[in-house]
Amino acid sequence: MGEDTKMATRKIGEIDGRHLAVVLPHIELEVSHTSGNYVIDVHGKRYLDFVMGWCVGNVGWNNEMLVKRLRDFSGPYYVSPDYKYAPWERLAKLLVDISPRNISVAFRATGGSEAIETALRAAMLYTGRTEFISIEGSYHGHTLGAMSIGSSEFRERFSTLMPGCHKLQLPLDDRCLVDAEQKLALGSIAAVVMEPVLCNLGGIIPTQEFMRGLHRLCKAHGTLLVVDEVATGFGRTGRLFAHEHYDIEPDIICLGKAITSGYAGMGATLVTEQIARAMDFEFSFYSTYGWHPVATEAAVANIEFIRDRWPELQSHVTSMGSYFESRLKEIGSGHIIDYRIIGLAIGLRFAAAGAATRLASLCRERGLLIHAMSHDTIQIFPALTITTDVADEGLSILAGAIRLL
Ligand code: PMP
């Protein structure tokens, strides 16, 4: 190919003069290595990580026990979705054992979006219906099905997403439940899909009344309740799964991110036996790399790590959540107008427009990583194992940055 032709086809690469498509807006941080709560860049600068890959690294980066398990793993290095692989059954059982009683089957996936796709297909097959309800502005992945139940903004560029995807408007209150009931009464809704704590909407925590009311309505109308626990799963909110806060039994649970705590790519869709039966036909699902042996080893090691420490880890997450809350209320006074804190899922809305993006870059300059979810909302997702000393180190950087707003 001549140089001219190359230039003509090099659109995305032109953004930074390279060939790799990047997520925009792009953060200038090139990771060299990681350790516990820290990320070290190629220039040797150390960052305290209050994001952990956005709900991924729940047990800390480079966790000794997980690294050892992966180093000792002797294979097999292969992929064949058609053969039996015993550790798949072991992982599926681990997942089912930590799930509500009604859940009994796990589908393999490579990540969260694929887990959502399987949930959508399973709900359609089980109910014989084709429509969905989700929360406006939410995010469930970048596959076309997941985008269809995500923010309506996706439809501005991708006008042919799935039809029949209804959206509930915030706030999640009585009026919203009435709206849900009217939509459910159409009799065409296969499933309501939502995050039980809405990390992708800045950490909104639904009330007990809302979640229980929605669950009751779903049951009354023969609609499945699908909880997207891709971000909230594996202890993030102080429960193994965030739906446990509400004492409800969802029909389908979608998992990803912290299922391996960042040691390999993986997703899973957990369903009831009856729903699994609706998927019990040739080619109902397929995933070449779904649960690769290395990823399976990472997930088993990670889930055993969390499960074996759970009572202590759970009380640690709860008490660290309270610690963050009281410290944030001191340092954020006069600036933060909404504290959304449940376990170590933390969303903070600032009064000033633009505060979030400015804070994220001020903190990054000073060696702390936080996430700007929107112009006024930041998110903090520390490792679940974080200590008060490390929390204080980050909170003092954050306090200094807030003073500069
Ligand atoms: N659901 C939720 C709630 C998510 O936060 C994400 C990713 N941010 C996804 C689904 C999609 O997961 P993945 O990127 O692994 O496809």
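Side notes on the structure shown:
- The stretch between residue 209 and residue 54 holds 53.0 nm of extra length on full extension. This uses 0.36 nm per residue minus the Cα-Cα distance.
- Debye intensity ratio I(q)/I(0), log10, region 73-308, q values 0.07, 0.09 Å⁻¹ (C-alpha model): -0.21, -0.35
- Put simply, the amide H of residue 138, placed in the peptide plane, has neighbours under 5 Å in 151, leaving out anything fewer than 5 places away on its chain.
- Phi angles across region 387-398 convert, under the Karplus curve 6.51 cos²θ - 1.76 cosθ + 1.60 with θ = phi - 60°, into 3J(HN,Hα) values of 9, 5, 4, 5, 4, 4, 4, x, 5, 6, 5, 4 Hz, Gly and Pro given as x.
- Amide hydrogen proximity for residue 272: with H placed 1.01 Å from N in the peptide plane, the residues at 5 or more positions away or on another chain lying under 5 Å are 104.
- What a 1.4 Å probe finds exposed on the chain is 53% carbon and sulfur by accessible area, rounded to a whole percent.
- For region 247-308 versus region 54-77, the gap between their alpha-carbon centres in whole angstrom: 17
- For residue 267, distant residues with modelled amide H under 5 Å away: 109, 110, 111, 291
- Report note on the peptides 304-313, 53-62, 156-165, 20-29: ranked by the mean count of other C-beta atoms within 10 Å, highest first, their order is 53-62, 304-313, 156-165, 20-29.
- Residue-wise HN-Hα couplings along region 198-210, as the Karplus relation 6.51 cos²θ - 1.76 cosθ + 1.60 with θ = phi - 60° gives them from phi, are 8, 4, 6, 10, x, x, 4, 10, x, 7, 4, 4, 5 Hz; Gly and Pro carry x.
- Computed from the alpha carbon atoms alone, the convex hull of region 289-405 holds 125 Å³ per residue.
- Think of a 1.4 Å ball rolled over the protein heavy atoms: region 11-99 then has 64 Å² of accessible area per residue.
- Heavy-atom accessible area per residue - region 141-278, 1.4 Å, Å²: 36
- Multiplying the residue separation of residue 333 and residue 156 by 0.36 nm and subtracting their alpha-carbon distance yields 59.9 nm.
- Spatial extent of the chain: Rg and Dmax, with the Cα atoms as the point set, Å: 21.5, 64
- The modelled label-to-label distance for the pair residue 288/residue 174, using points 7 Å beyond Cα in the direction of Cβ, is 5.4 nm.
- With the helix formula -39500 (n - 2.57) applied to DSSP H stretches of n ≥ 4, the chain reaches a computed 222 nm mean residue ellipticity of -11500 deg cm²/dmol.
The values are calculated or read from the model by the stated rules, or taken from the named source; none is laboratory data. All of these numbers come straight from a predicted model, not from anything done at the bench. Note that each Cβ is placed from the backbone with ideal geometry, even for glycine, and that neighbours are counted across all protein chains shown. SASA here: full protein model, heavy atoms, side chains in, ligands and nucleic acids out. Shrake-Rupley method; radii C 1.70, N 1.55, O 1.52, S 1.80 Å.
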